[in-house]
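Student: If you scroll down you'll find the structure; I have some questions about it.
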Amino acid sequence: MNTPITLQAHVQDYLTERRRLGFQLKYPELPLMDFARYVDSLDWAGPLTLDIMIDWARLDKQGRHNPETWARRFKLLRPFIRYLRQFEPATAMPDESVFGPVPGWQMPHIYRDQEIIDLLGAARQLGTDGNLRAATYETLFGLLASTGLRVSETVHLLDTDVDLAQGLLTVRQTKFNKSRQLPLHPSVTAALLRYRTLRRQQVQQHADLPFFVGTRGQRLGKQLSSRQVDRVFTLLRKQLGWINRGAHDAPRVHDLRHTFAVRRVLLWQAQGTDIDQSMLALSTYMGHAKISYTYWYLTAVPELMGVAAGKFEQYAQPEEVDYADSCQY
């Protein structure tokens, strides 16, 4: 008698097959394995039903009870369920009729200069002068604002990735499995040098030392996590009492990345730079997989919608034609 194949085994086979075709599948792996463990824990026999998938999608460890989150978890299942139906044709197919479509890109909170100044000032107050924790978060938030790095890219920087002599950051194997080098403004290089100098006074140097380090207890000298950064940012955001101007629940640390992109494009507009020629450079600098991701900033942010409208009016304005001159060949 053959032993039934567990759903976890099906997930592993699915991931192996897709990776053989060239897909990375780093993000879907964890939720798919979580779904498989959930189903296997039920001792379920027979084709999967929508009720099982819905119950799993609504499991919310963070207690947000957000239908948008449920819709995203539901959507993650679809490619795997299509694969599974070749073995269990009666398996139900999750679709948008349950939780609705996954929301598209939402307007970010674009930070004003004073808000960024206040954020860095609040981070500086996390400790006394010379306090490594305060310096870590002040420098980290400043780097995010001035380079548009993702939080995950920033916390994964090693000390050896930061070449302050050349003013270059090396960002390795990022979200889309790409590496890139980023030139830094001299003021950013100076801030990173101040932080490195302070960190070396308190943390022993070694080959795999992260550039930004934890500062408390057993975390001293260890790599920060994105969750730690989000937690500190949320603390400071509440302390500063910003008014939310984005479509998300509150201003996010990731919105520093959006702010960097928007301000760069606005600066190009003010300087009369050809935006179309410059967008490829910005897309490469930010590590976007497709240039269309970068062009999104021209359409989804009010500041640039005004610029776009102005350009349209400029090109739509009919020109006066001197018909007498136009008839001369």
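Student: May I ask you to verify whether Thr259 is under 22 Å from the mean Cα position of the chain (by Cα) and assigned to a helix (DSSP H, G or I)? Give the derivation first.
Tutor: Numbers: under 22 Å from the mean Cα position of the chain (by Cα): yes; assigned to a helix (DSSP H, G or I): yes.
Judged against the criteria, Thr259 is a match.
Student: Related question: Take region 215-227 and flag every residue that is over 19 Å from Leu169 (Cβ atoms) and touching a residue at least 24 places away in the same chain (Cβ under 8 Å).
Tutor: Thr215, Arg216, Ser225
Student: Another question, then. Taking the conditions exactly as written (farther than 23 Å from Thr154 by Cα and either part of a helix (DSSP H, G or I) or open to solvent by less than 60 Å² (accessible area, probe 1.4 Å) (or both)), does Thr273 satisfy them or not? Before the answer, list the steps.
Tutor: Working: farther than 23 Å from Thr154 by Cα: yes; either part of a helix (DSSP H, G or I) or open to solvent by less than 60 Å² (accessible area, probe 1.4 Å) (or both): yes.
So Thr273 fits the description; yes.
Student: Give just the number: which of (1) within 30 Å of Gly22 (Cα to Cα); (2) surrounded by 13 or more Cβ atoms within 10 Å (Cβ to Cβ) does Ser179 not satisfy?
Tutor: Condition (2) is where Ser179 drops out.
Student: Further question: Against the conditions (1) over 22 Å from Gln125 (Cβ atoms); (2) in contact (Cβ under 8 Å) with a residue 60 or more places away in the chain; (3) among the charged types (D, E, K, R), where does Asp230 fall short? Just the number, please.
Tutor: Just one mismatch for Asp230, condition (1).
Student: Give the residue that is most open to solvent (accessible area, probe 1.4 Å), with candidates limited to residues of region 199-210 that are farther than 20 Å from Leu168 by Cα and either among the β-branched types (Val, Ile, Thr) or assigned to a helix (DSSP H, G or I) (or both).
Tutor: Gln201
Student: Could you please let me know if Arg196 is in a helix (DSSP H, G or I), modelled with pLDDT under 95 and among the basic types (Lys, Arg)? Full working, then the answer.
Tutor: Values: in a helix (DSSP H, G or I): yes; modelled with pLDDT under 95: no; among the basic types (Lys, Arg): yes.
In short, no.
Student: A further question follows. Identify, from the list Ala165, Ala190, the residue that is at pLDDT 95 or above, in a loop (DSSP other than H, G, I, E, B) and surrounded by fewer than 18 Cβ atoms within 10 Å (Cβ to Cβ). Before you say what the answer is, go through the steps one by one.
Tutor: Values: Ala190 fails: in a loop (DSSP other than H, G, I, E, B).
Unique residue meeting the criteria: Ala165.
Student: Moving to a separate point now. From Phe80, Phe99, Phe141, grab the single residue that is more than 15 Å from Phe212 (Cβ to Cβ), in contact with a Leu (Cβ under 8 Å, 6 or more places away or on another chain) and of a type outside the set (A, V, I, L, M).
Tutor: Working: Phe99 fails: in contact with a Leu (Cβ under 8 Å, 6 or more places away or on another chain); Phe141 fails: more than 15 Å from Phe212 (Cβ to Cβ).
Among Phe80, Phe99, Phe141, only Phe80 is more than 15 Å from Phe212 (Cβ to Cβ), in contact with a Leu (Cβ under 8 Å, 6 or more places away or on another chain) and of a type outside the set (A, V, I, L, M).
Student: Of the residues Tyr315, Tyr323, Tyr293, only one is within 15 Å of the chain's Cα centre (by Cα), at pLDDT below 90 and open to solvent by 40 Å² or more (accessible area, probe 1.4 Å); which?
Tutor: Values: Tyr315 fails: within 15 Å of the chain's Cα centre (by Cα); Tyr323 fails: within 15 Å of the chain's Cα centre (by Cα).
It is Tyr293.
Student: I'm trying to understand the selection: among the residues of region 150-162, which are closer than 21 Å to Leu132 by Cβ and open to solvent by 30 Å² or more (accessible area, probe 1.4 Å)?
Tutor: Of region 150-162, the ones closer than 21 Å to Leu132 by Cβ are 151, 154-162.
Correct list: His156, Leu158, Thr160.
Student: Considering only region 211-223, I want to know if a residue exists there that is under 15 Å from Gly130 (Cα atoms), open to solvent by 10 Å² or more (accessible area, probe 1.4 Å) and at pLDDT 95 or above.
Tutor: no
Student: Please state which of the following conditions Ser278 fails to meet, knowing it meets all the rest: (1) in contact with a helix residue (DSSP H, G or I) (Cβ under 6 Å, 6 or more places away or on another chain); (2) of a type in the set (Gly, Ala, Ser); (3) modelled with pLDDT under 90; (4) closer than 30 Å to Leu126 by Cα.
Tutor: The number of the failed condition is (4).
Student: Here's something else I'd like to know. Somewhere in region 124-147, is a residue of a type in the set (A, V, I, L, M), modelled with pLDDT under 95, within 26 Å of Asp113 (Cα to Cα) and assigned to a loop (DSSP other than H, G, I, E, B)?
Tutor: Checked region 124-147: at least one residue is of a type in the set (A, V, I, L, M), modelled with pLDDT under 95, within 26 Å of Asp113 (Cα to Cα) and assigned to a loop (DSSP other than H, G, I, E, B).
Student: Further, regarding this structure: Which condition number in (1) assigned to a loop (DSSP other than H, G, I, E, B); (2) open to solvent by less than 60 Å² (accessible area, probe 1.4 Å); (3) more than 25 Å from Trp296 (Cβ to Cβ); (4) in contact with a Gly (Cβ under 9 Å, 6 or more places away or on another chain) is the one that Pro94 fails?
Tutor: So the condition that Pro94 fails would be (4).
The values are calculated or read from the model by the stated rules, or taken from the named source; none is laboratory data. Remember, it's a predicted structure, so these values are computed and weren't measured experimentally. Every residue, glycine among them, receives a Cβ derived from its backbone with ideal geometry; neighbour counts consider all protein chains shown. Note: accessible area is taken over every heavy atom of the protein model, side chains too, but ligands, DNA and RNA are not part of it. Shrake-Rupley method; radii C 1.70, N 1.55, O 1.52, S 1.80 Å.
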